[in-house]
């Protein structure tokens with residue numbers, strides 16, 4: 001059985017992550033890989049319950065530390081019950097958001113009220129350990145366009161989509177900073193094009209970084 005990969009998608013609101021994860025899962029299936037498509041927060045029964053606490057309600061419902069603790073509680077359940085089991089079975093796991101989102105949203109997204117990198121990294125080391133994605137695709141686009149897309153997709157919106165432009169601009173900078181700090185794992189993709197062009201870009205990255213280095 002071919003070794004499975006753990007691939008994560010990151011980026012601001014409305015950047016098209018969910019669509020591109022589904023298309024990439026189809027691509028891997030055609031290459032002969034068994035795939036698990038999942039998301040964060042969520043992806044397991046317990047984590048989905050925590051998701052409802054995090055994404056619903058008033059914008060100021062939680063402070064950054066409380067949110068981060070909830071996110072890592074959900075992440076641990078997700079890892080134990082979904083991600084690690086699938087990887088042990090040789091499956092490729094494609095996840096819409098993972099720990100980089102916690103670093104960006106709770107670590108940096110609140111500007112002077114954020115936890116900072118070290119606090120989030122300490123939580124990561126405790127909860128996740130040395131495990132990390134084989135590849136992280138960071139979907140990038142101007143904040144205003146992403147929020148416009150997100151609101152068209154879901155008029156009710158979630159807590160994060162209702163946060164101000166300054167929050168989302170800081171969030172975009174945070175994801176780009178994460179990519180700069182770990183260029184071996186991360187690849188930034190221009191998410192402003194059409195769906196097919198973006199997916200072709202993603203598949204090219206996957207081929208070069210994963211499939212040509214020991215995959216099928």
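Report the residue count in region 25-51 for those that are in contact (Cβ under 8 Å) with a residue 12 or more places away in the chain, in contact with a strand residue (DSSP E or B) (Cβ under 6 Å, 6 or more places away or on another chain) and in a helix (DSSP H, G or I).
Selection size over region 25-51: 2.
Could you list, in sequence order, all residues of region 127-164 that are under 26 Å from residue 69 (Cα atoms), assigned to a loop (DSSP other than H, G, I, E, B) and at pLDDT below 95?
Residues satisfying the conditions are 156, 157, 158, 159, 163, 164.
Taking the residues in region 172-190 that are touching a strand residue (DSSP E or B) at 6+ places or on another chain (Cβ under 9 Å) and not in a strand (DSSP E or B) as candidates, determine which candidate is surrounded by the fewest Cβ atoms within 10 Å (Cβ to Cβ).
Residues of region 172-190 touching a strand residue (DSSP E or B) at 6+ places or on another chain (Cβ under 9 Å): 172, 175-176, 178-180, 182, 185-190.
Restricting the remaining residues to those that are not in a strand (DSSP E or B) gives 172, 175-176, 178-180, 182, 185.
Values: 172: 20, 175: 26, 176: 15, 178: 23, 179: 19, 180: 10, 182: 13, 185: 16.
Among them, the one singled out is 180.
Exactly one of these conditions fails for residue 77: (1) out of contact with any helix residue (DSSP H, G or I) (no Cβ under 7 Å at 6 or more places or on another chain); (2) free of Cβ contacts under 8 Å to residues at least 60 places away in the same chain. Give me its number.
So residue 77 meets the others, but not (1).
Quick test for you: out of 67, 13, pick the one residue that is more than 19 Å from residue 187 (Cβ to Cβ), buried (at least 20 other Cβ atoms within 10 Å of the Cβ) and in contact (Cβ under 8 Å) with a residue 60 or more places away in the chain. Explain how you work it out, then say what you get.
Numbers: 67 fails: in contact (Cβ under 8 Å) with a residue 60 or more places away in the chain.
Answer to the check: 13.
Residue 54 - would you say it is over 26 Å from residue 202 (Cα atoms) and either assigned to a helix (DSSP H, G or I) or within 15 Å of the chain's Cα centre (by Cα) (or both)?
Values: over 26 Å from residue 202 (Cα atoms): yes; either assigned to a helix (DSSP H, G or I) or within 15 Å of the chain's Cα centre (by Cα) (or both): yes.
Taking the combined requirement at face value, the residue satisfies it.
Just to verify a result, which residue in region 191-216, among those that are in a loop (DSSP other than H, G, I, E, B) and touching a strand residue (DSSP E or B) at 6+ places or on another chain (Cβ under 8 Å), is surrounded by the fewest Cβ atoms within 10 Å (Cβ to Cβ)?
Filtering region 191-216 for residues in a loop (DSSP other than H, G, I, E, B) gives 191-194, 210, 214-216.
Now drop any that are not touching a strand residue (DSSP E or B) at 6+ places or on another chain (Cβ under 8 Å), which leaves 191, 210.
On the way: 191: 24, 210: 17.
Out of the qualifying residues, it is 210.
Considering only residues that are modelled with pLDDT under 95 and surrounded by 20 or more Cβ atoms within 10 Å (Cβ to Cβ), which ones fall in region 18-40?
33
Just the residues that are free of Cβ contacts under 8 Å to residues at least 40 places away in the same chain, in a helix (DSSP H, G or I) and surrounded by fewer than 19 Cβ atoms within 10 Å (Cβ to Cβ), please, taken from region 95-125.
112, 117, 118, 121, 122, 125
Got at least one residue in region 12-19 being at positive phi and in contact with a strand residue (DSSP E or B) (Cβ under 9 Å, 6 or more places away or on another chain)?
At the first step, the residues of region 12-19 found to be at positive phi are 14, 16.
In the following step, the residues that additionally are in contact with a strand residue (DSSP E or B) (Cβ under 9 Å, 6 or more places away or on another chain) were identified as 16.
Within region 12-19, one or more residues are at positive phi and in contact with a strand residue (DSSP E or B) (Cβ under 9 Å, 6 or more places away or on another chain).
The values are calculated or read from the model by the stated rules, or taken from the named source; none is laboratory data. As the structure is a computational prediction, the values presented were derived from the model and not from experiment. Note: ideal-geometry Cβ built from the backbone for every residue, glycine included; neighbour counts use all protein chains shown.
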